[in-house]
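Asker: Here it is, the structure, as structure tokens.
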Amino acid sequence: MTTDTAEGLEVDLRRSSGGRPMVEIASRQVEGLSAPDNPILIEVRGLRVFYGSFEAVTGVNLAIRQNEITALIGPSGCGKSTVLRCFNRMNDLIESARVEGTVEYHGVDLYGPSVDPVEVRRRIGMVFQKPNPFPKPIYDNIAFGPKVAGFKGNMDDLVEESLRRAALWDEVKGKLTESAYALSGGQQQRLCIARAIATSPDVVLMDEPCSALDPIATLKIEELMLDLKKDYTIIIVTHNMQQAARMSDRTAFFSVDVSEQGRTGYLVEFGRTPDIFTRPQKAETEGYITGRFG
Amino acid sequence: MTDIRSHFHQELSDLEQTLLNVADQAEQMVGMAVDAVCIPDMELAARVVALDNQIDRIYLDVHNRWLTLMARQQPMASDLRMMSVLLHLNTTLERMGDQCVNIAKMAQVTYGLPRSDRIIAQIREMGDLVRQMIRTGVEALVRRDIDEARLLPAMDEPVDRLNRNMYREVVECGPDASLLEWATRMMMVSRALERIGDQVVDIAEQTAFLLTGEMMEFNENGISGTGQ
């Protein structure tokens, strides 16, 4: 499934044989995009997520741009983590979950019939709320993903490069054979980021990556994210509005409708972060971020 | 709507109320300073100076409360814009107090000099116009009324005109050195009132920013947006 997209990009999401990108993403000169905006990498249209017959998220339209940090914010239960999981088909792992609408990545619908979810997850990696390293040495934590994917290059170099990019190398280079569990919470989370980028994704999803960390470890992760956005596109779910304001280029604000059937999340407003936090257009956004919500 | 941050919003509202009180005081000080010049009344001049000292103390207190709120509450959206407006308002009102002191000092240094009734009448007129501007500017802010805020540039226009005209009045005072000295000092008074008028237009611009999120330059030719 090779597609020539509107952005002039070519991508193949069928199962790859070697672990490294099977088809290089060839970026050609893109015309017609407004100058200050990066190209759109992921385009969500009419996204609806169901758990059985219950609609958990409705009618989401979003354009995620390359090398930007996009923050998803909103009250608990508004569906922001559910939307995040749609970006790498993690909802497939929930039996009753069903997705409608399209999530186009480089112009290819991630929910298309011939798309392999494993390949999707290699290209679109994920970091979770609680650091979840494998009960293995630090080195093996990084090497595991590439090995499974059939990586044939120099593994030592890949491990070092991944740890360097995650700003962890200097702290662990002398103890790569020690258990990842010996690291602090902040170090474990950076290890998980290193693990996520070891398989050469171009998008990293982060679901509340700092909620289990102290302020210093949080700032380290935030600094790291700003470094990483040069090479990756980052989508982050956060409850910390100051974090969204500090880190992200664009912010999507979700809210929730409560009915007898349950809570259905929806997108209220999506825009450049400075606009969302200084002059939101919707009263609901204003109410939430100024604390006049509810 | 339930206000989840009610303590913060109460403090924000208290800060605004403090500054609105200062604005009322500044308006009265303009009247007192003009009276001090026109009657002339040295006691009034001294009261203006004392009231300005009070404004200076409030200025420092408001600044400290503002910093604490900013550091502890990290306001967003309309609250953030309100914080920006309050910081600006605090500085503007402090300067208006200083201009009133400048006028009061002119009353003191010209005491006993011969005077021109025409110039006195113009100073009074400017004082009345500026006081009306302050009342309108404060009302626009209190009512969150952008249309009322937009009235200010037009209200400032006659103040500017009277100020521009003042030098002619001074020239017409003729060769009497004492009268000329008094009249020259009155140019400073006129200039101070004109500056206060401009400062009220600034407050109106801040009100517009609070309501729209856009910084607009108000001038006699209309309103020009300058983006955020």
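Asker: For the stretch A:217-227, state whether one or more residues are surrounded by 19 or more Cβ atoms within 10 Å (Cβ to Cβ) and not in a helix (DSSP H, G or I).
Answerer: No, the conditions are met nowhere in the stretch A:217-227.
Asker: Has the stretch A:151-165 got at least one residue that is farther than 23 Å from A:N61 by Cα, surrounded by fewer than 17 Cβ atoms within 10 Å (Cβ to Cβ) and either among the aromatic types (F, W, Y) or in contact (Cβ under 8 Å) with a residue 40 or more places away in the chain (or both)?
Answerer: So far as the stretch A:151-165 goes, yes, one or more of its residues are farther than 23 Å from A:N61 by Cα, surrounded by fewer than 17 Cβ atoms within 10 Å (Cβ to Cβ) and either among the aromatic types (F, W, Y) or in contact (Cβ under 8 Å) with a residue 40 or more places away in the chain (or both).
Asker: Only one of A:N141, A:N91 is assigned to a helix (DSSP H, G or I) and under 20 Å from A:L72 (Cβ atoms); which? Walk me through it before giving the result.
Answerer: Numbers: A:N141 fails: under 20 Å from A:L72 (Cβ atoms).
Unique residue meeting the criteria: A:N91.
Asker: Ok, one more. Out of the stretch A:257-281, which residues are within 30 Å of B:V85 (Cβ to Cβ) and touching a residue at least 24 places away in the same chain (Cβ under 8 Å)?
Answerer: Initial filter on the stretch A:257-281 (within 30 Å of B:V85 (Cβ to Cβ)): A:268-281.
Passing the criteria: A:V268, A:F270, A:T273, A:I276, A:F277, A:P280.
Asker: Report the residue count in the stretch B:68-126 for those that are β-branched (V, I, T), under 19 Å from the mean Cα position of the chain (by Cα) and farther than 30 Å from A:P280 by Cα.
Answerer: Restricting attention to the stretch B:68-126, the residues satisfying the condition of being β-branched (V, I, T) are B:68, B:85, B:91-92, B:101, B:103, B:109-110, B:119-120, B:123.
Cutting the leftovers down to under 19 Å from the mean Cα position of the chain (by Cα) gives us B:85, B:91-92, B:101, B:103, B:123.
Within this subset, residues satisfying the condition of being farther than 30 Å from A:P280 by Cα are B:101, B:103, B:123.
Final tally of qualifying residues: 3.
Asker: Name the one entry in B:A46, B:A104, B:A36 that is in contact with a Leu (Cβ under 6 Å, 6 or more places away or on another chain), in a helix (DSSP H, G or I), of a type in the set (G, A, S) and more than 14 Å from chain A (Cβ to nearest Cβ). Can you show your working first?
Answerer: On the way: B:A46 fails: in contact with a Leu (Cβ under 6 Å, 6 or more places away or on another chain); B:A104 fails: in contact with a Leu (Cβ under 6 Å, 6 or more places away or on another chain).
So the residue among B:A46, B:A104, B:A36 that is in contact with a Leu (Cβ under 6 Å, 6 or more places away or on another chain), in a helix (DSSP H, G or I), of a type in the set (G, A, S) and more than 14 Å from chain A (Cβ to nearest Cβ) is B:A36.
Asker: Restricting the search to the stretch A:145-202, which residues are of a type in the set (S, T, N, Q) and in a helix (DSSP H, G or I)?
Answerer: The answer is A:S162, A:Q187, A:Q188, A:Q189.
Asker: Can you tell me which of (1) surrounded by fewer than 21 Cβ atoms within 10 Å (Cβ to Cβ); (2) within 14 Å of another protein chain (Cβ to nearest Cβ); (3) assigned to a strand (DSSP E or B) is the one A:F270 doesn't meet?
Answerer: That leaves (2) as the condition not met.
Asker: So which residues in the stretch B:49-75 are part of a helix (DSSP H, G or I), crowded, with 17+ Cβ neighbours inside 10 Å and either free of Cβ contacts under 8 Å to residues at least 12 places away in the same chain or within 14 Å of chain A (Cβ to nearest Cβ) (or both), if there are any at all?
Answerer: The answer is B:L69, B:Q73.
Asker: Of the conditions (1) under 24 Å from B:Q28 (Cβ atoms); (2) in contact with a Pro (Cβ under 9 Å, 6 or more places away or on another chain); (3) surrounded by 15 or more Cβ atoms within 10 Å (Cβ to Cβ), B:S78 satisfies every one except a single condition; which number is it?
Answerer: Looking at each condition in turn, B:S78 falls short on (1).
Asker: Could you list, in sequence order, the residues of the stretch A:80-101 that are in contact with a Lys or Arg (Cβ under 8 Å, 6 or more places away or on another chain) and either on the phi > 0 side of the Ramachandran plot or buried (at least 16 other Cβ atoms within 10 Å of the Cβ) (or both)?
Answerer: Here is the first cut: in the stretch A:80-101, the residues in contact with a Lys or Arg (Cβ under 8 Å, 6 or more places away or on another chain) are A:88-91, A:99-101.
Across the stretch A:80-101, the qualifying residues are A:N88, A:R89, A:M90, A:N91, A:V99, A:G101.
Asker: Give the residue that is nearest to B:H9 (Cα to Cα), with candidates limited to residues of the stretch A:274-294 that are more than 7 Å from chain B (Cβ to nearest Cβ) and crowded, with 21+ Cβ neighbours inside 10 Å.
Answerer: Taking the stretch A:274-294 and keeping what is more than 7 Å from chain B (Cβ to nearest Cβ), we get A:274-276, A:281-285, A:288.
Now narrow it down to the ones that are crowded, with 21+ Cβ neighbours inside 10 Å: A:276, A:285, A:288.
Details: A:I276: 20, A:T285: 17, A:Y288: 14 Å.
Selected residue: A:Y288.
Every read-out reported here was derived from the displayed coordinates using simple, explicitly stated rules and does not represent laboratory data. What you are looking at is a predicted structure, and each value in this text was computed from that prediction instead of being measured. No Cβ is skipped: glycine too gets one built from the backbone with ideal geometry, and neighbour counts run over all protein chains shown.
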